[in-house]
Amino acid sequence: METPRNIVASVVVCMHNEEKYIRQCLDSLVNQTYSHELFEIIVIDDESNDNCTSYVQKIIKERKGLFPRINLTRIVNSKLSIARNEGIKRSNGDYIMFIDGDAVANLDWLEAYVDVFEKTKCDYSGGKIELLNTKNPFARLLQETRFKQSMKSVDSPNFLHGVNMAFRKEVFEQYAGFCENLFRGEETAFTFLIRKDRIWAPAEKAIVLHERHESFKAWWNIYIKDISMSYRTNKVIAQNSILLALRHQVNYVKSICFYLLVISSFFIESLWILALLSPIFLKQGAIFKRYGNFKYYFFSVFVACADLVIRIYYITFGIIKNIGVKLIPAFTSNPKVLLENTTEV
C-alpha cells in the first residue's frame with residue numbers, strides 16, 4: 001500500500017460494538033470542511049462482534065477513489081489504550097486527532113483543531129463534548145450532572161477527554177503513546193507526563209457529540225467497571241514519583257480546606273456539593289430549572305452523591321493499591337491484526 005502524501009492530519013477512530021453510531025461518525029468525518037486530500041481516517045476495530053465492522057467495510061467500498069482515504073484495521077480484542085496506540089502507529093499526519101465510534105464531530109471539527117495548532121504552535125489540544133442522544137431523559141440527566149462542567153469546558157488540559165483530543169505526532173515520537181495496561185484514564189495520565197515541556201491550547205470550536213448511557217443500570221454497570229480498572233491510572237503518573245500521583249489528584253483544587261481530602265475536583269466535575277446545601281438553593285439552580293420537577297431534582301442529587309462517595313473510594317485506595325504496580329509501556333502489546341481494509345485513491 002502506497003503511503004499517502006501531503007497528509008496533514010490523521011483522525012483515529014476507535015470502535016468496539018458501535019453499530020448504532022459508527023456510520024454517523026464516519027459521515028461527519030468524510031464531510032469535514034477541511035480539505036479532504038489533507039487528512040486520512042484510521043478506524044481501529046477492537047474486535048467488535050456486532051455489525052459495525054461490516055458497516056465500515058461497506059462505507060470503504062462506497063468511497064472507492066474518494067478522499068479522505070479510510071483505513072480499517074481490526075485487531076484482536078485488547079483495550080482502548082492499545083487500540084489508540086495502533087492508530088498512532090498507522091498515522092501519517094503531522095497532527096493526530098482522536099474520536100470514538102459512538103461520537104459525531106461537527107463539520108468544522110478538524111479545521112478548528114488545525115487552526116489552533118497553527119496559530120498557537122501548541123503541542124496538544126482538546127475540544128468540547130456535547131450530548132448526542134438528546135431525546136433520552138437519563139442521558140440528559142447524566143450530561144447535566146456527572147459530565148456538565150468537564151465536558152463543556154476546555155479551559156485547561158485537566159479537562160482533556162479521549163473522545164475529543166488532538167496531538168502533534170512528534171509528541172508521541174518523544175513520549176511514545178498511552179500505557180497499555182490502563183482500561184480508562186490513559187489520556188489523563190499521558191497529559192501529566194508531557195505537560196512539563198509540551199504546550200497546551202484549548203480548541204473551543206472543536207466540538208463532538210457523544211452518546212451517554214440511556215438507563216441507570218447501564219450507567220452504573222460501566223461506572224463500577226471503570227472504577228475497578230481506574231486504580232492503575234495514578235501509577236502512570238507515579239512511575240517516576242509518588243508525589244506526582246498526588247499532584248494529579250489535586251489538580252482541580254479550588255479551596256485549601258479540601259486540599260488534604262483531595263476532593264476539590266468534585267467542585268468542577270460534578271455538582272455533589274449542592275446536595276449538601278438546602279433544597280431551596282438547588283431548586284433555584286440550573287438542574288431544577290431544566291427538568292422542572294422534584295423527580296429529576298432528587299435523582300440528580302442521588303447521582304451526584306453516588307459520584308462523590310465512589311470517587312473518594314477509588315482515589316484513596318487507588319493510590320495505595322498502585323504503589324509498586326509495573327506499567328506496560330506503549331507499543332509493547334503488538335495485538336494480532338485480524339483484518340485490514342483501505343479505500344484506494
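Just need a number here: residues in the stretch 16-27 that are outside any loop (DSSP other than H, G, I, E, B) and either surrounded by fewer than 20 Cβ atoms within 10 Å (Cβ to Cβ) or without any contact (Cβ under 8 Å) to a residue 24 or more places away in the chain (or both). Let's see the steps before the verdict.
At the first step, the residues of the stretch 16-27 found to be outside any loop (DSSP other than H, G, I, E, B) are 22-27.
Restricting the remaining residues to those that are either surrounded by fewer than 20 Cβ atoms within 10 Å (Cβ to Cβ) or without any contact (Cβ under 8 Å) to a residue 24 or more places away in the chain (or both) gives 23-24, 27.
Of the residues in that region, 3 qualify.
Do we find that PHE117 is of a type outside the set (S, T, N, Q) and more than 26 Å from SER48 (Cα to Cα) in this structure? Taking the combined requirement at face value, the residue satisfies it.
In the stretch 124-233, counting only helices (runs of 4 or more DSSP H) that sit wholly within it, the ones holding 2 or more residues that are at pLDDT below 85 span 137-144, 148-152, 186-194, 216-229. The number of residues in the stretch 15-33 being of a type in the set (Val, Ile, Thr) and under 17 Å from the mean Cα position of the chain (by Cα) comes to 1.
Step by step: first the residues of the stretch 99-136, then only those that are within 14 Å of VAL154 (Cα to Cα), touching a helix residue (DSSP H, G or I) at 6+ places or on another chain (Cβ under 8 Å) and of a type outside the set (Lys, Arg), then the one that is most open to solvent (accessible area, probe 1.4 Å). Which residue is that?
GLU130
For first residues located in the stretch 111-136 and farther than 18 Å from VAL163 by Cα, partners that are modelled with pLDDT under 90 and not in a strand (DSSP E or B) and lie 6+ apart or on another chain with Cβ distances below 8 Å form the pairs ASN136/ARG212; ASN136/GLU214. Among the residues of the stretch 81-89, at least one is aliphatic (A, V, I, L, M), open to solvent by less than 60 Å² (accessible area, probe 1.4 Å) and closer than 20 Å to GLY126 by Cβ.
Across the stretch 44-64, the number of residues qualifying as surrounded by 14 or more Cβ atoms within 10 Å (Cβ to Cβ) and in a helix (DSSP H, G or I) comes to 7. Residue pairs whose Cβ atoms lie under 9 Å apart, sitting 6 or more positions apart in sequence or on different chains, and linking a residue in the stretch 146-175 that is closer than 27 Å to LYS89 by Cβ and of a type in the set (Asp, Glu) to a partner that is modelled with pLDDT of 70 or more and open to solvent by 20 Å² or more (accessible area, probe 1.4 Å), are GLU170/ASP94.
No other residue among THR3, THR33 is modelled with pLDDT of 95 or more, among the β-branched types (Val, Ile, Thr) and open to solvent by 60 Å² or more (accessible area, probe 1.4 Å) apart from THR33.
The values are calculated or read from the model by the stated rules, or taken from the named source; none is laboratory data. It should be emphasised that the depicted structure is a prediction, and the values quoted were computed from it without experimental measurement. So basically every Cβ, Gly included, is an ideal-geometry build from the backbone, and we count neighbours across all protein chains shown. Note: areas computed on protein heavy atoms with side chains; ligands, DNA, RNA excluded. Shrake-Rupley method; radii C 1.70, N 1.55, O 1.52, S 1.80 Å.
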